[in-house]
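All remarks here apply to the structure that follows.
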Ligand code: DQA
């Protein structure tokens, strides 16, 4: 199974960024643990992080033929990017939306995900584990 792991805006700042909310792991730490986990399962992964909506959309367009599933943490794009939602719907690859923090218990603008309707599941509030459970959700459908 081939999986795209996509991280949206500001997730390159993990470790520095509001550690009381997002924890102290860096993005490299998280990607390392995802790689270990998926290797054990025999899955192939490609990682991508961008602070730019269009770059994430381009990455999805360029890689969807390869991918059987996508795990995406869209960052703040979650709450307003209809373009990203359309990109996910356009390629028809099963996608799981994940978040480190619990978006339902934070500011009211975070409770809305415009991405969720294009995804098979949303997993939120488990820190790094959200990504691993995202991989599990894809593998259950595989
Ligand atoms: C986030 C939650 C978003 O609301 C926020 O904008 C992020 C990170 C999370 O992983 O908890 O950038 O997606």
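No value in this document is a laboratory result; all are computed from the given coordinates. The structure displayed is predicted, hence computed values, not measured ones. We place every Cβ from the backbone using ideal geometry, glycine too, and count neighbours over all the protein chains shown.
Values for this structure:
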quantity	calculated
For 38, 78, 26, order by how many other beta-carbon atoms lie within 10 Å, fewest first	26, 38, 78
Size descriptor, Kirkwood hydrodynamic radius, that averages inverse alpha-carbon separations across the chain, Å	14.8 Å
Antiparallel DSSP beta bridges within the chain, as percent of all bridges there, nearest 5	0 percent
Per-residue [θ]222 nm for the chain (sum of -39500 (n - 2.57) over DSSP H runs n ≥ 4, rounded to 500)	-11000 deg cm²/dmol
Segment residue 112-residue 46, extension gain: residue separation times 0.36 nm, minus the distance between their alpha carbons	21.0 nm
Estimated inter-spin distance, residue 120 and residue 55, nm [label 7 Å along Cα→Cβ]	2.9 nm
For a label point 7 Å along the Cα-to-beta-carbon line of residue 129, residues of the range 90-113 with backbone N under 18 Å	97-105
Taking the chain and dividing mean pair separation by its residue count, relative contact order in percent (alpha carbons under 8 Å, at least six apart)	27 percent
Estimated distance in nm for a label pair at residue 66 and residue 90, the labels positioned 7 Å out from Cα along Cα-to-Cβ	1.9 nm
Global geometry of the range 88-142, whether rounded, prolate or oblate, following the gyration tensor of its Cα atoms and the 1.5 cut on a/c	oblate
Convex hull volume per residue for the range 21-75, taking Cα atoms only, in Å³	92 Å³
Likely footprinting exposure, 68, 7, fewest C-beta neighbours within 10 Å first	68, 7
Ranked list, fewest to most other Cβ atoms within 10 Å of each Cβ, for 3, 60	60, 3
Contour minus Cα-Cα distance for residue 76 and residue 17 (0.36 nm per residue)	19.9 nm
